[in-house]
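Visitor: Pasting a structure below so you can have a look.
Please treat every number below as a calculation from the coordinates, not as lab data. Quantities reported herein were computed from a predicted structural model and do not represent experimental measurements. Positions of Cβ are generated from backbone atoms using ideal geometry, with glycine treated the same way; all protein chains shown enter the neighbour counts.
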Amino acid sequence: MSETPDATGTTVADRGRAAVEAALQGRSRSAMAISLIREAALLPVLAVLIVIGAFVNSAFLTVSNISGIGQQISALGVVVVGESLILLIGGMDLSLEGTYGLAPMVAAWLIVPVSAFGSGTKLNPFLGILIVLAVGAAVGLVNGLLIVRGRLNGFIVTLGMTIVLAGLQEGIVKGNTLFNLPSAFTYLGAAYVGKVPVSLIVTVIIFVATGLFLRYHRVGRAIYAVGGNREAARAAGIKVDRIRLGVYVAGSVLAAIGGLMEAGRVSAVTGQQGYQEGIIFAVFAAAVIGGVSLQGGRGNMVGAASGVILLGLVQNILDLANAPNYWIEAIDGAVILVALVLARLIGGEAAAE
Amino acid sequence: MTETATPAASAAPAAEAAGIYKQFGSTQALRGVDLTLRPGRCLGLVGRNGAGKSTLVSILSGIYPADSGAVRFDGQPAPAHGDTGAWRRRIATVFQHSMVVPELTVAENVFLGRQPLRAGRVDWRGMRARAAQVMAEWGFAIDVRLPCADLTVEQRQIVEIARALAAGTRCLLLDEPTAALERGAIERLFARVRQLAASGVAVLYISHHLEEVFEICQDVAVLRDGELVLTSPVADLTKDDLVTAMVGPDVGSSRADLTGAGPGTGNGTAPDRAAPCLVVDNVSAELPGGRVSSVSLEVRPGERVGLTGLLSAGVSSLARIAAGAEPYTAGQVLVDGERLVPGRRDLALRLGVGYIPEDRQRDGFVAPLGVAENATMTITDWLATMLGFVRPRARAAAAAPFARGLSIISAGLGQPVAELSGGNQQKVTVARALARKPRLIVAITPTRGVDVASKALLLAELAAVTERTGAGLLLATDELDDLVICDRVIVLLRGERFTEFAAPPFDREALIAASEGILRQPKGDTP
């Protein structure tokens with residue numbers, strides 16, 4: 001207060017003054033410590049996994065294996081960033097899986113010649129990358145309009161959208177696989193800078209930028225406010241609908257980028273990229289293991305990244321351990337459940353909801 | 001127990017509550033309440049919001065168990081808590097909000113949960129016949145085959161009464177049954193209640209409208225702060241007696257304590273010359289929280305205008321409209337001469353309307369976020385750099401004066417608001433409203449559920465801000481203590497502007513009487 005409050009007003013204020021001043025002096029150490037522990041909840045689990053990996057196979061701790069893990073989890077990681085944003089505003093998007101497949105599919109179809117099952121328009125690959133982003137944005141916009149303006153349930157809308165997108169993806173190439181992708185188009189997913197995959201570099205940049213944006217940008221903070229209490233955010237004058245719509249678009253664009261990485265990594269786009277491997281399950285698992293709440297408003301990029309790394313490590317260790325093929329999914333699922341329980345135990349009430 | 005002398009009152013009680021105590025958290029909702037319902041008589045239960053009426057109704061209908069004390073029906077101890085079926089046969093409650101299932105027919109609703117069976121299946125024909133019989137017996141004219149979704153509010157209420165009667169209940173609780181009814185329907189309801197009482201049913205009639213109690217009740221009981229302060233035959237009382245019993249002694253802080261000004265010396269002259277910062281012009285709206293019909297009012301800079309009335313009178317609806325939090329369908333709202341787009345809270349904020357919402361848990365703060373972040377949520381555009389980034393230090397610096405001024409006690413400005421006490425949560429909500437230096441503050445029940453010290457502090461701060469910054473204040477509340485800081489008070493009744501108290505001091509009894517729809521000339525004032 002810049003002016004001196006009048007004499008009668010301060011009598012009550014005086015009582016709590018000491019306590020208030022104490023609160024304003026620096027930050028509470030214990031509160032900070034607790035929030036650090038929560039953010040780093042998965043670090044011990046990751047450490048244990050690395051030790052296990054090293055014992056299982058001596059190849060685990062080699063540069064080539066680690067950069068291989070990095071390349072494998074990059075595409076997943078970018079989609080997890082998209083899904084985390086949508087979860088943070090209290091939504092959910094199952095159709096990121098479809099966007100992950102359809103967006104690179106449409107672009108590749110416009111680029112490659114008829115002999116590689118393309119459309120024959122032979123689009124410039126750089127324009128193709130723009131098409132990838134545009135398809136992502138368009139899907140996100142439709143989802144967002146239906147959910148935000150149409151007030152439809154996000155689960156059902158995006159479930160329907162997943163099926164539509166998967167059908168389009170199959171239909172456009174009639175079940176064929178697009179190959180002969182130009183190197184400009186595959187650069188993001190396939191190229192290396194030294195021994196580091198470009199996809200990993202880009203993914204790390206996306207995680208860091210999104211993390212900083214969420215933590216320090218006013219729109220990032222509004223995302224937390226909308227997810228934490230939509231009505232309170234509205235009452236505080238935040239343009240809730242615009243934020244939600246924007247996040248659905250951003251999430252889909254990120255899923256499209258993830259799809260582009262995957263297409264580059266395997267140098268082809270199948271008619272089933274995305275839903276063939278059921279990527280949406282891994283996306284949700286990584287986000288939730290990483291402490292992003294399905295109720296909205298809680299979670300951060302440090303957690304989401306550790307969730308992604310955890311899934312990547314488990315997958316890699318199972319591969320290196322020559323886990324029996326028929327059992328690999330059961331083991332994978334069990335690890336996800338254990339990780340959830342651990343995240344809950346370490347992170348407290350709010351984690352893994 | 002208060003015994004009355006009239007002959008009919010001596011009949012054996014149909015329902016009886018003796019020495020009921022009930023506590024919720026730190027709130028003692030009922031302290032030793034005795035209440036007796038007798039067959040053939042209608043007992044009115046009145047009291048202000050928070051007096052304990054709802055708690056007493058819930059205990060009598062078996063929804064909550066009492067902490068101590070006993071409930072008896074026809075002299076027998078009440079069924080065990082949780083044995084809903086047995087309670088329903090003893091006593092039935094018609095709640096304010098309809099409890100019929102709209103998708104089911106009238107007959108199904110009348111026999112809800114206890115459909116007559118034949119050979120293990122629902123006996124549809126028998127059910128319809130028996131429902132029709134109940135309707136005919138009591139003179140209700142409703143086709144039992146209609147789905148309840150097609151019924152009017154009045155008819156749904158009849159279905160609920162019929163459900164009670166079909167279960168054999170001879171003890172009926174009506175919880176503000178007229179709140180949602182039109183005039184004509186109210187008259188018909190009264191006729192039905194009289195008919196029920198005449199045939200030996202014991203009725204407990206809970207109402208905010210004193211004139212209704214005088215119209216249909218033989219006896220009246222007054223609850224205040226969880227205690228029964230008066231039980232008497234209606235004939236022995238005047239309306240003033242009832243109002244006095246409801247209000248009790250004045251315990252609030254005085255106007256001078258809170259505003260630093262004597263009664264009547266507030267802003268009597270200066271604001272009249274200034275252009276109003278809020279104009280509500282013939283505004284109408286149909287909202288879930290209460291209807292508003294053609295209300296007009298103005299708030300001038302520096303002026304503090306109180307808005308009060310019963311819960312359903314449209315008080316909070318009108319305030320939410322003025323804050324841009326709810327849409328309106330007719331008329332217009334002007335803030336500093338600019339039209340408020342209906343229901344656009346974000347635009348209202350930018351026009352300079354600070355908003356302290358009624359339900360702070362729902363609208364007041366984002367629980368997982370910190371004190372500073374919540375307090376500055378309305379000014380992130382001011383705090384942000386050109387690229388839109390907000391430095392935590394800038395946020396803390398902006399929040400600190402409010403934490404000091406409002407004595408927000410926390411473990412640090414980063415502590416999640418979820419972890420604060422109710423009073424401190426409310427202070428954060430107030431800080432959020434004041435942070436943007438509003439031209440107009442719309443506050444709805446800003447002191448509800450906060451302790452006495454915080455209450456005085458919040459009111460003093462609101463008064464101080466209006467004096468210091470020249471902001472107007474629209475204070476919508478049903479807490480009379482809050483109105484003490486106001487320069488004038490407007491009373492709404494059933495969504496319409498009923499009367500105005502033009503200058504402090506405001507006579508508590510006159511305010512309550514006006515809220516109930518009774519016009520009394522306040523001493524020395526012309527409304």
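Visitor: So how many Å³ per residue does the convex hull of the Cα atoms of region A:202-314 work out to?
Guide: 107 Å³
Visitor: Please compute P(r) over all alpha-carbon pairs of region B:365-435, binned at 5 Å starting from zero, and give each bin as a whole-number percent.
Guide: Answer for region B:365-435: a P(r) of 4, 21, 33, 24, 13, 5, 1, 0 percent.
Visitor: Give me the percent of DSSP beta bridges within the protein assembly as shown that run antiparallel, rounded to the nearest 5.
Guide: Bridges in the protein assembly as shown are about 60 percent antiparallel.
Visitor: OK, next. Hey, could you grab the Kirkwood Rh for region A:76-207? Inverse mean 1/r over distinct alpha carbon pairs, Å, one decimal.
Guide: Computed over region A:76-207, the radius equals 15.9 Å.
Visitor: Can you flag which of A:122/A:195; B:22/B:455; A:239/B:437; B:53/B:239; B:53/B:455 are past 30 Å Cα-Cα?
Guide: Pairs exceeding 30 Å: A:122/A:195.
Visitor: Also, I was wondering about something else. With a point put 7 Å past each Cα toward its Cβ, work out how far residue A:204 is from residue B:225 in nm, to one decimal.
Guide: 6.7 nm
Visitor: May I ask you to derive the FRET efficiency for residue B:339 and residue B:296 from their Cβ-Cβ distance with R0 = 22 Å, giving the value to the nearest 0.05?
Guide: 0.90
Visitor: Can you report the principal axis dimensions of region B:25-148 using only the alpha carbons, biggest first, rounded to whole angstrom?
Guide: In descending order, the Cα extents are 50, 31, 30 Å.
Visitor: Additional query: Can you give the mean number of other chain Cβ atoms that lie within 10 Å of the Cβ atoms in peptide A:222-230?
Guide: Going residue by residue through A:222-230 and averaging, the value is 5.
Visitor: Another question, then. So for the pair residue B:211, residue A:59, with labels modelled 7 Å out along Cα→Cβ, what separation do we get in nm?
Guide: Distance between the two pseudo-spin positions: 9.0 nm.
Visitor: Separation of region B:12-89 and region B:450-494 by C-alpha centroid, Å?
Guide: Taking the Cα centre of each part, region B:12-89 and region B:450-494 sit 35 Å apart.
Visitor: In 10 Å bins starting at 0, how do the alpha-carbon pair distances of chain B split up by percent?
Guide: Per 10 Å bin, starting at 0, the Cα pair percentages come out as 4, 17, 24, 23, 18, 10, 3, 0, 0.
Visitor: Okay, next question. Taking only Cα atoms, what is the 0 to 90° angle, nearest 10, from helix B:124-137's long axis to the longest principal axis of chain B?
Guide: Between helix and principal axis, roughly 90 degrees.
Visitor: Could you tell me the extents of the protein assembly as shown's C-alpha atoms along the three principal axes, largest first, rounded to whole Å?
Guide: Principal-axis extents of the protein assembly as shown (Cα, largest first): 100, 81, 52 Å.
Visitor: With a bin width of 5 angstrom, please list the P(r) values of region A:234-291 as percents of all Cα-Cα pairs, from the 0 bin to the one holding the largest distance.
Guide: 4, 15, 16, 20, 17, 12, 8, 4, 3, 1
Visitor: For residue B:496, what residues show an amide H to amide H distance below 5 Å, using hydrogens built from the backbone and excluding near sequence neighbours?
Guide: Residues meeting the criterion, in which the H sits 1.01 Å from N, are B:293.
Visitor: Can you give the average number of partner chain beta-carbon atoms within 10 Å of each beta-carbon in peptide B:357-369, as a whole number?
Guide: The shielding value for this peptide is 6.
Visitor: If you take the alpha carbon radius of gyration of chain A and divide it by 2.2 N^0.38 Å, what ratio comes out, to two decimals?
Guide: 1.12
Visitor: Right, next: Rank B:60, A:222, B:408 by how far each Cα sits towards the positive end of the charge dipole of the protein assembly as shown (+1 on Lys, Arg Cβ; -1 on Asp, Glu Cβ) and give me just the farthest.
Guide: A:222
Visitor: A further question on this structure: Lys and Arg at +1, Asp and Glu at -1: add these up for the other residues within a Cβ distance under 11 Å of residue B:100 and post the number.
Guide: Overall, the nearby charge balance is -1.
Visitor: State the percent of C-alpha pairs, over all pairs in region B:15-74, separated by a distance greater than 14 angstrom.
Guide: Cα-Cα pairs of region B:15-74 separated by over 14 Å account for 54 percent.
Visitor: Could you give the nm distance between label points at residue A:48 and residue B:469, where each point is 7 Å from its Cα heading toward the beta carbon?
Guide: Spacing of the two 7 Å Cα→Cβ label points: 5.3 nm.
Visitor: Thinking of region B:317-414 as a set of Cα atoms, what percent of all their pairs are more than 23 Å apart?
Guide: 37 percent
Visitor: Let me ask another. Over all residues in B:339-352, what is the mean tally of Cβ atoms on other chains that come within 10 Å of each residue's Cβ?
Guide: If you average over the peptide's residues, the count of other-chain Cβ atoms is 2.
Visitor: Right, another one. What's the FRET efficiency of residue A:294 with residue A:156 using the Cβ-Cβ distance as r and R₀ = 22 Å, to the nearest 0.05?
Guide: It comes out at approximately 0.90.
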